[in-house]
Each structure stands twice: as structure tokens, then as C-alpha cells.
1. Set the Förster distance to 22 Å, then compute FRET efficiency between ALA138 and LEU83 from the Cβ-Cβ distance, nearest 0.05.
2. What is the magnitude of the charge dipole of segment 1-150 about its Cα centre, with +1 placed on the Cβ of each Lys and Arg, -1 on the Cβ of each Asp and Glu, and no other charges, expressed in debye to the nearest 20?
3. For LYS90 and ALA53, what is the calculated FRET efficiency with R₀ set at 35 Å and r taken between the beta-carbons, to the nearest 0.05?
4. Take the Cβ-Cβ distance between VAL75 and TYR5 as r, set R0 to 41 Å, and report the resulting FRET efficiency rounded to the nearest 0.05.
5. Sort 9-20, 49-60 for me by packing, meaning the mean count of neighbouring Cβ atoms within 10 Å per residue, highest on top.
6. Within the chain, what percent of beta bridges assigned by DSSP are antiparallel, to the nearest 5?
7. Go from 0 up to the bin containing the longest alpha carbon distance in segment 8-145, width 10 Å each, and give me the % of pairs per bin.
8. Of ILE44, TYR66, ALA139, which is farthest along the charge dipole of segment 8-145 in the positive direction, counting Lys and Arg as +1 and Asp and Glu as -1 at C-beta?
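Any read-out appearing in this document is the output of simple, stated calculations on the displayed coordinates, not a laboratory observation. This one's a predicted model, so the numbers in the text were calculated from it and none came from an experiment. Neighbour counts are summed over all protein chains in view; Cβ atoms, including those assigned to glycine, are modelled from backbone coordinates with ideal geometry.
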Amino acid sequence: MRKSYISWDDYFMGVAKLSALRSKDPKTQVGACIVNEDLRIVGIGYNGMPQGAKDDEFPWGSEGDYLDTKYPYVVHAEANAILNATQSLKGSKIYVTLFPCNECTKLIIQSGIKEIVFESDKYQHTKEHQAALKMLKAAHVTTRKIEVGELSYVNIS
Ligand SMILES: O=c1ccn([C@H]2C[C@H](O)[C@@H](COP(=O)(O)O)O2)c(=O)[nH]1
Ligand SMILES: [Zn+2]
């Protein structure tokens, strides 16, 4: 029997990382993969513009006038994964490449997700992160940081 097969955590975070590769955001690509209690993938997503938002009409920059940045328009990876879900998310886990912002945290809590597994928390010093942690604690949603190395698919061009 092969002994070098990947763990469930690596597998699901790998799917989240693969999804992130679809993002057109030049600065921060985020991927999310939601898994139910039977370890079935029930939703995936990445940060992208809403349907109908043409690439030449919506910006991907992060500086300058607010309306000329991506921030008011981009749909976050977690929101897309939740909206793409094929069934109830009660009791499920979400694997995300970046710790969810406070807005995604609200959606995660309301959808019944009970665990967040994340890789990066590069915005951990922000007020939004503090708010997210406060809500997660109140809702008894647990969080776990994991590190997944580079997977070989990343090198496929
Ligand atoms: O919970 C989150 C937080 C952020 N994102 C997306 C939204 C943007 O496309 C980037 C963040 O851009 P920065 O320029 O690094 O602030 O990440 C997300 O999908 N989920
Ligand atoms: Zn978010």
C-alpha cells in the first residue's frame, strides 16, 4: 500500500489552493472549500467579480478612490463557496487559504459551518480580524491553522 498519500487536511486545503489559482486579483488570491460531515466537498469558491462584471469595466487595483478599487465589487472566496453550496452547510468545515474577514465570518456563522481551517492570517492585526474572532467565539465556531506545502499541481502550467 502507498504510504505517501496526502491527509484529508492537505487534500481539502489543496482544493482551496487550486481554486485560489482561478482568482484574477493580482495581490491576494483566496480559495475556499467546504466539506460536510461525511468528508464530501459541498462548495468551492475563489475571490472574483460578480457575474456580469466585465474585466475591462471593473478594477483590480487596491489604491486610489474607493470606487476605482476592487473592494466595493469583489465577491469573497468564502461567500462564493457558500453561494455555490449544493446542500445545507450545517456542521460542515470550511478550508480557506486566508482567514475570513468579518463579513465572511458572518456568512460562515449563519450558514451553520462549525470549523474554519485556514493557512494564512496575514490580516490578523486588523480590527476586522478582531471582530471576526469575537463573533466566532460567541457562535462556538472553532478555528485551526494548518500549513500545506507546495503541491505538485502548482507547477503544472
Ligand atoms: O475573507 C476574505 C477576505 C478577502 N478576500 C479577498 C478580497 C480581495 O480580493 C482580497 C484582499 O485584497 P487585499 O488587497 O489583500 O486587501 O482577498 C476574500 O476572498 N475573503
Ligand atoms: Zn471576506
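1. Efficiency for this residue pair is about 0.40.
2. The calculated dipole for segment 1-150 is roughly 580 debye.
3. 0.65
4. 0.75
5. Result, highest mean first: 9-20, 49-60.
6. 55
7. 13, 44, 33, 10, 0
8. Working it through, the farthest residue towards the positive pole turns out to be ALA139.
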